[in-house]
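Student: Here it is, the structure, as structure tokens.
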Amino acid sequence: MVKKDNILRIVKEDILRILGEEEKKLSTESIKEEIRVSHSYISDAINALEKENLIHIEGDFIKLTDNGQDRAKYIVEKHLVLENYFKRTKNKKEAHEHAHILEHYIFEEVIKNIKKISTFKESGVPLTECKLHKEVMISDITIPGNDLFERIISMGVFPGEKIILTNKIPGSVIVRIGYKKLAIGKDIAKEIKILEHY
């Protein structure tokens, strides 16, 4: 279950991205229509963004401050890198949805890795074929459907992330990402593509 603070952070980023993409002031109603969470989260996010001096409220309209424009630009650029990356294997709508999910979980190092692996012709092999105890990089996740994709992403398994396969057990593989160890079912692990040389 996603914690309230994480939901608020995601909603704030979505508001900044929407304002950054439109490059003009927008009504609070149009933002509420685009973000699918309760209106109380949107109100809390708007209040927090105003306190952080990232947006300015003019009646029923919201616009970015100079600081907000800088932050929004970074979020939009991150989204576009991810969307272009996913367009290699998915249709435009799926690429947009997957980028929208992933953009909230990754940081600059992963974006750099995704830019790097975007230049490779090789798409990778399934995680189930990975050698034990060798650090590899996730190159793609081909799991259909946004719900399962988001669940995998929220565990820290995403393209551009480095991962080590530590064990294979019946029905699952055990991986280490940073300081976390995870068990991933083999049916899902087959859909996680990795690169051994990057």
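The values are calculated or read from the model by the stated rules, or taken from the named source; none is laboratory data. Quick caveat: nothing in here was measured; it's all calculated off a predicted structure. Reconstructed Cβ throughout: ideal geometry from the backbone, glycine too, with neighbour counts over all protein chains shown.
Student: Have a look at K131, K73 and point out the one that is of a type in the set (K, R) and outside the structural domain of K168 (by TED's automatic domain parsing).
Tutor: K73
Student: Mind listing just one residue for me: the one in segment 12-28 that is among the basic types (K, R) and over 17 Å from the mean Cα position of the chain (by Cα) and, of those, surrounded by the fewest Cβ atoms within 10 Å (Cβ to Cβ)?
Tutor: So, considering only residues that are among the basic types (K, R) and over 17 Å from the mean Cα position of the chain (by Cα), the one surrounded by the fewest Cβ atoms within 10 Å (Cβ to Cβ) is K24.
Student: Only one of (1) modelled with pLDDT of 80 or more; (2) out of contact with any Lys or Arg (no Cβ under 7 Å at 6 or more places or on another chain) is not met by S139, so which one is it?
Tutor: It fails just one condition, (2).
Student: Sticking with this one: Could you check how many residues of segment 154-198 are touching a Pro at 6+ places or on another chain (Cβ under 7 Å) and more than 13 Å from V125 (Cβ to Cβ)?
Tutor: Result for segment 154-198: 0.
Student: Give just the number: which of (1) touching a residue at least 40 places away in the same chain (Cβ under 8 Å); (2) under 19 Å from the mean Cα position of the chain (by Cα); (3) surrounded by fewer than 20 Cβ atoms within 10 Å (Cβ to Cβ) does F149 not satisfy?
Tutor: Against the list (1) touching a residue at least 40 places away in the same chain (Cβ under 8 Å); (2) under 19 Å from the mean Cα position of the chain (by Cα); (3) surrounded by fewer than 20 Cβ atoms within 10 Å (Cβ to Cβ), F149 comes up short only on (3).
Student: Only residues that are of a type outside the set (G, A, S), in a loop (DSSP other than H, G, I, E, B) and under 20 Å from E109 (Cα atoms): list them for segment 135-171, please.
Tutor: Correct list: M155, V157, F158, P159, E161.
Student: Taking the condition of being within 9 Å of A45 (Cβ to Cβ) and over 15 Å from the mean Cα position of the chain (by Cα), how many residues in segment 2-11 meet it?
Tutor: Count: 1.
Student: Quick one: is K181 modelled with pLDDT of 85 or more and either β-branched (V, I, T) or over 18 Å from the mean Cα position of the chain (by Cα) (or both)?
Tutor: yes
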